[in-house]
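As structure tokens, the structure follows; a few thoughts come after it.
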Amino acid sequence: MHKYTAYMNSHPSFKAERQSAVLEIVARETVATQAELAEALKKRRIPATQVTLSRDIAELGLIKVAGRYRPAPAGEAAADPEAPLRTWVRAVRPAGPHLAVIRCDVGTAQRVGIVIDGLALEGIAGTIAGDDTVFIAVADAAANKRVVAFLQSRIN
């Protein structure tokens, strides 16, 4: 990565400008991938790496709906950070001693994964989110049991 791009990606004033542009782009255009978002920013002469865009998407609370990025419902994150668990999660179950599986509404798994990461539950090694499924890697069977029970209590 070029030094200038690294600076642009991390400097607070450039970050605010980039994130503002991201919100404007997803409101006006059909953007289905981070590559498309990067290209739209590039047309505005705003450089951004994939890592930076991934971080921006999480910080802005963007979700994928019908295959395109959209802002999350207004006030959702500020009002109740666990709201996506109750709203979009359909099932949580263990899948062996080191893995839990969360089934979500289509297009919401990435946002649910971000919420789970933000909870910083003890025993979680990491999450991987697809379109409608989140995998949670856990340290051991006891941690898996605790994590699954905690998440089930949030959706029931």
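The values are calculated or read from the model by the stated rules, or taken from the named source; none is laboratory data. Small disclaimer: the values here were computed from a predicted structure and weren't measured. When we count neighbours, we look across all protein chains shown, and the Cβ atoms used for this are built from the backbone with ideal geometry, even at glycine.
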Response to the item:
Given (1) of a type outside the set (S, T, N, Q); (2) touching a helix residue (DSSP H, G or I) at 6+ places or on another chain (Cβ under 7 Å); (3) at pLDDT 80 or above, Pro71 misses just (3)
Fill in: Every pair of residues 6+ apart whose Cβ atoms lie under 9 Å, when the first sits in region 135-156 and is under 14 Å from Cys104 (Cα atoms) while the second is surrounded by fewer than 16 Cβ atoms within 10 Å (Cβ to Cβ) and among the β-branched types (Val, Ile, Thr)
Phe135/Val101; Phe135/Ile128; Ile136/Val101; Ile136/Ile128
Worksheet entry | Only listed residue being part of a helix (DSSP H, G or I) and either in contact with a helix residue (DSSP H, G or I) (Cβ under 6 Å, 6 or more places away or on another chain) or in the same structural domain as Pro84 (by TED's automatic domain parsing) (or both), chosen from Ala137, Ala149, Ala125 | Ala149
Item to complete: Read through the list (1) assigned to a strand (DSSP E or B); (2) modelled with pLDDT of 90 or more, then give the number of the only condition that Ala142 fails.
Response: (1)
Item to complete: Pick out the one residue from Leu53, Leu41, Leu62, Leu23 that is more than 24 Å from Val147 (Cβ to Cβ), of a type in the set (A, V, I, L, M), surrounded by fewer than 19 Cβ atoms within 10 Å (Cβ to Cβ) and not assigned by TED's automatic domain parsing to the domain that holds Val148.
Response: Leu23
Discussion item. Looking at Leu60 and the list (1) within 26 Å of Ile128 (Cβ to Cβ); (2) at pLDDT 90 or above; (3) of a type outside the set (Gly, Ala, Ser), which single condition is not satisfied?
Written reply: (2)
